[in-house]
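The values are calculated or read from the model by the stated rules, or taken from the named source; none is laboratory data. For clarity, every value in this text was computed on a predicted model and none was experimentally measured. Positions of Cβ are generated from backbone atoms using ideal geometry, with glycine treated the same way; all protein chains shown enter the neighbour counts. The accessibility values were calculated without ligands, DNA or RNA, using every heavy atom of the protein model including side chains. Shrake-Rupley method; radii C 1.70, N 1.55, O 1.52, S 1.80 Å.
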Amino acid sequence: MMRLVLMGPPGAGKGTQAVGLSREYGVPHISTGDMFRAAVAAGSQLGLEARRYMDAGDLVPDEVTLGIVRERLAQPDVASGFILDGFPRTIPQASGLQEALRDSNLQLDAVVLIDVPDAELVKRAVGRRVCRECGRVWHVEFNPPPGGACSCGGELIQRDDDRAETVMKRLSAYHEQTEPLKGYYASLGLLLSVDGMGGPEAVHRRVFDALGRCNSR
Ligand code: ADP
Ligand code: ADP
Ligand code: ZN
């Protein structure tokens, strides 16, 4: 059982860490970014609305975001827990989440902040490539796909919002709107800050250690 929020700036490695943690804890990986991209790909009403904000590097409005998360948290697979990746990103989203959990008599176990300096984030986001078929995430320099294609054979693409200019915009949105959550979760006694520098395995060990300490307390 694990109810976890993975927090961090764009490109910090939230998705990369979430994949491993989801397997280890046997709980679903819930990424609002992935949900919005799926809606965009499906051409739904939600996708049309979300796309305007995503392309501009802005956050999708809180009410829209809270709506899809509430729906997702009502699915049966969440009974075993969840790993929220990229949600919440604002104080209203965080209090909306607290409210939704309270209504179901549930509590978060921890909020893990993956801490990475801005200069490194730009490199991670700009070099990110995603498989069109299976969604696996690679990096041209830090985690290069063998032979240039995904291990599943799928074509690798760059996200529209991973161009340098949009990444800068997303970074300032993070600093302005999301960073205040550090204080919010610290005051709830939930915040675990983890150094996100070094390779994915090193970061994974730090996350796992931090969670181990918090579980045994
Ligand atoms: P990254 O992890 O690189 O920051 P995501 O895949 O989490 O990117 O998000 C991509 C985009 O989707 C964001 O820039 C934003 O426009 C939108 N988005 C994702 N999650 C949220 C959220 N919790 N609140 C508002 N917008 C969101
Ligand atoms: P986020 O979900 O926080 O936006 P991702 O997990 O998609 O971040 O990682 C962003 C990019 O950085 C990807 O190309 C990924 O392969 C790469 N990456 C992830 N973790 C690390 C790490 N610890 N060191 C170097 N590159 C990393
Ligand atoms: Zn693939």
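Can you bin the chain into rounded, prolate or oblate? Criterion: square roots of the alpha carbon gyration tensor eigenvalues sorted a ≥ b ≥ c, rounded for a/c under 1.5, prolate for a/b above b/c, oblate for the rest.
Rounded is the answer for the chain, as its axis ratio a/c remains below 1.5.
Is segment 7-61 best put as rounded, prolate or oblate by its Cα gyration tensor, with a ≥ b ≥ c the root eigenvalues, rounded for a/c under 1.5, and otherwise prolate when a/b is larger than b/c, oblate when not?
Because a/c hits 1.5 or more and a/b fails to exceed b/c, segment 7-61 counts as oblate.
From the phi of every residue in segment 190-197, what ³J(HN,Hα) in whole Hz does the Karplus formula 6.51 cos²θ - 1.76 cosθ + 1.60 yield, where θ is phi - 60° and glycine or proline is x?
Karplus values, whole Hz, x for Gly and Pro: 9, 7, 10, 8, 10, 5, x, 7.
What does the C-alpha gyration tensor say about the overall shape of segment 106-152? Classify as rounded when a/c is under 1.5, otherwise prolate if a/b is larger than b/c, or oblate.
It comes out oblate by the Cα gyration axes.
Of the GluC sites (Glu not before Pro) in segment 41-138, which ones lie in a loop per DSSP and count no more than 13 other C-beta atoms within 10 Å?
Here the GluC sites (Glu not before Pro) that fit, given the DSSP loop and packing criteria, are Glu133.
What does the net charge come to around Gly26 if you take all other residues with beta carbon closer than 15 Å to its beta carbon, with K and R at +1 and D and E at -1?
-1
Sorted by accessible area (1.4 Å probe), largest first, how do Cys134, Cys150 line up?
Cys134, Cys150
Taking the Cα centre of the chain as origin and charging only Cβ (+1 Lys, Arg; -1 Asp, Glu), how large is the dipole, in debye to the nearest 20?
320 debye
Out of the GluC sites (Glu not before Pro) in segment 155-217, which ones are loop residues according to DSSP with at most 16 other C-beta atoms within 10 Å?
Glu155
Once fully extended, how much extra length lies between His175 and Ser95, figured as 0.36 nm per residue of separation less the alpha-carbon to alpha-carbon distance?
Full extension of this stretch gives 26.9 nm more.
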